[in-house]
Amino acid sequence: MSKLSIGIVGLPNVGKSTLFNALLGRQVADASNYPFCTIEPNIGIVEVPDEKLSVLREISSSKKLIPAAIEFVDIAGLVKGAAQGEGLGNKFLTNIRNTDAICHVVRDFSDSNVTRQDSTNPESDFEIICTELIIKDLETIDAYLDKSKKKPDEKEKVALAQKLKDKLEQGVLASRIDLDPEEKILSKDFFLLTQKPFLIVVNVDEDTYQNLEEKNIKLKEWETTPICAKLEEDLSALSPSERKEYLKDLGLKKSGLERLITKAYSTLDLQSFYTTGPEESRAWTIKKGSTAPEAAAAIHTDFQKGFIVAEVVSYKDFLECKTWPKARELGKLRQEGREYIMQPDDIVEFRFNL
């Protein structure tokens, strides 16, 4: 599938750029391994943590290892009134529109050297940004409703627009409005900012990070991913072994960035499948529920058009068999057709006609 893009948004001085720099510091693989590796100054491509891929590379003696990747976009701080053009609001809101999901960063750290601008507490930070996004969405809906007066044949779409408008005016995010399946499809035509999947990063103090995995930091009803951006930036400069030891001292199994990237992946409702051999071991990204031909298209669109069959073995079985011939000999290799729904961690070889 196409590149995955997460926009990092928040008020000024909440730690967005520190988080972004830490993400880039953890970029292990050569960016040239990735599709879409041409990046702009405020865009970074970050690999999805995946221990299974390293294991496959060792088994197959692969020359290259290519993880799945997510594009993170560091969008400069929004301010109150952004939807009306305050600051560079319109430009930043357009940048958000071009992403697949939103990563809200809210401030929950105290540092007298870092000025607060509009930021008073995590809940307020989140509400301010959501309000700006809602205002922009209302502009979009109002513009459509104004034009729809000349389109009497779009009654269903007009009714949906009015429904969305009513809820947005109540402060409800579009992603939380109850829509039937047909309305969900139709609503995509509006490209609403608040309909995008989102995750919330709470930027916490270093002291809060101790034994963090035993804590449950929520923002009202919203689940969050707590991260100490400053500490993560320091961690990114360490070697893997030093990083592991540092995390152990903090009582953590995974870094905040690993948790963030994994959360972003799941927020977009994605999963990986693998291809492996002497040339490369690679993780491919697909939507959960994808069929075998749709998965083949992630490699090349021609693979979907000429799809014949998918030869599939589970990751667990491949670890036991070590090779494709052995998997076939032991009956662990399955031949799946067009209706097969890809399972997490499938290892696949596609057969196709070009």
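The values are calculated or read from the model by the stated rules, or taken from the named source; none is laboratory data. Model, not experiment: these values are computed from the prediction. Here Cβ is always computed from backbone atoms with ideal geometry, including for glycine, and neighbour counts include all displayed protein chains. Each accessible area value is taken on the protein alone, full model and side chains, heavy atoms only, with ligands, DNA and RNA left out. Shrake-Rupley method; radii C 1.70, N 1.55, O 1.52, S 1.80 Å.
Please list, in order along the stretch 302-312, the HN-Hα scalar couplings obtained from phi with the Karplus expression 6.51 cos²θ - 1.76 cosθ + 1.60 (θ = phi - 60°), rounded to whole Hz, x for Gly and Pro.
Values, residue by residue: 5, 5, 6, 5, x, 4, 10, 7, 10, 8, 10 Hz.
Could you go through the stretch 220-226 in sequence order and give the Karplus-derived ³J(HN,Hα) for each residue, using 6.51 cos²θ - 1.76 cosθ + 1.60 with θ = phi - 60°, rounded to whole Hz, and x for Gly and Pro?
Going residue by residue, I get 6, 8, 8, 6, 10, 10, x Hz, with x marking Gly and Pro.
Pairs of alpha-carbon atoms within less than 8 angstrom and 6+ residues apart define the contacts here; what relative contact order does the stretch 198-354 have, in percent?
Numbers: 224 pairs, mean separation 31.8, N = 157.
20 percent.
Over the stretch 227-279, with the other protein chains present, what is the accessible area per residue in square angstrom, probe 1.4 angstrom?
Values: 2470 Å² over 53 residues.
With all protein chains present, the stretch 227-279 gives 47 Å² per residue.
For a quick check: with amide H placed at 1.01 Å from N, whose amide H comes under 5 Å from Leu333's, ignoring anything fewer than 5 positions away on the same chain?
Amide H neighbours of Leu333: Arg328.
Of the options Gly251, Ile141, Val201, report the single residue whose Cα projects farthest towards the positive end of the charge dipole of the chain (beta-carbon charges: Lys, Arg +1; Asp, Glu -1).
The residue sitting farthest along the positive end of the dipole is Ile141.
For Lys253 and Asp166, compute 0.36 nm times the residue count separating them, minus their Cα-Cα distance, and round to one decimal in nm. Don't jump to the answer; show the numbers that get you there.
On the way: separation 87, 0.36 × 87 = 31.32 nm, distance 4.48 nm.
Full extension of this stretch gives 26.8 nm more.
As a test of the formula, what do you get for the chain when each DSSP H run with n ≥ 4 contributes -39,500 (n - 2.57) and the sum is divided by the residue count, at 222 nm and rounded to the nearest 500 deg cm²/dmol?
One gets -11000 deg cm²/dmol as the mean residue ellipticity at 222 nm.
Long-range amide H contacts for Leu219: which residues qualify at under 5 Å (H placed 1.01 Å from N, peptide plane, sequence gap of 5 or more or a different chain)?
Thr224
Grab the Cα-Cα distance for Lys244 and Ser110, subtract it from 0.36 nm times how many residues apart they are, and report the gain in nm with one decimal.
On the way: separation 134, 0.36 × 134 = 48.24 nm, distance 2.65 nm.
Result for the pair: 45.6 nm of gain on full extension.
At a Förster radius of 25 Å, what calculated FRET efficiency corresponds to the Cβ-Cβ distance of Glu339 and Lys64, to the nearest 0.05? Write down the numbers at each step before the final one.
Details: r = 32 Å, r/R0 = 1.29.
Result of the calculation: an efficiency of 0.20.
Which value, in debye to the nearest 20, gives the size of the charge dipole of the stretch 147-247 about its Cα centre, when Lys and Arg are +1 and Asp and Glu are -1 at the Cβ? Each step should come with its number before you reach the end.
Working: 19 positive and 22 negative charges, 206 e Å.
My answer is approximately 980 debye.
Any chance you could tell me what percent of the C-alpha pair distances in the stretch 142-198 go past 16 Å? Numbers along the way, then the final one.
Details: 628 of 1596 pairs.
When every Cα pair of the stretch 142-198 is considered, 39 percent fall beyond 16 Å.
How much accessible area does Asp317 have with a 1.4 Å probe, in Å² rounded to the nearest 10?
30
Can you give me the P(r) profile for the stretch 212-354? Cα pairs, bins 5 angstrom wide beginning at 0, each as a whole percent.
2, 9, 14, 15, 13, 12, 11, 10, 9, 4, 1
Go through [x] 21.0; [y] 22.4; [z] 17.4 and flag the label whose value is the computed mean projected area of the Cα convex hull in nm² for this structure.
[x]
Scattering from the C-alpha atoms of the stretch 164-274 alone, worked out with Debye: what is log10 I(q)/I(0) at q = 0.10, 0.17, 0.20, 0.24 1/Å?
Log10 of I(q)/I(0), two decimals: -0.44, -0.90, -1.07, -1.34.
Enumerate the calculated ³J(HN,Hα) couplings along the stretch 51-67 in order (Karplus 6.51 cos²θ - 1.76 cosθ + 1.60, θ = phi - 60°), each rounded to whole Hz, writing x wherever the residue is Gly or Pro.
5, 4, 5, 5, 5, 5, 4, 5, 5, 8, 6, 5, 5, 10, 10, 10, x
Just by accessible area at a 1.4 angstrom probe, what is the order of Lys52, Lys16 from largest to smallest? Mind showing how you got there, number by number?
Details: Lys52 65, Lys16 15 Å².
Final ranking, largest accessible area leading: Lys52, Lys16.
Ordering His300, His104 from largest to smallest accessible area (1.4 angstrom probe), what's the sequence? Write out the running numbers ahead of the final one.
Values: His300 85, His104 10 Å².
Putting His300, His104 in descending order of accessible area: His300, His104.
List the residues, sorted by chain then number, that are 5 or more residues from Phe307 or on another chain and whose placed amide H is less than 5 Å from its amide H.
Asn353
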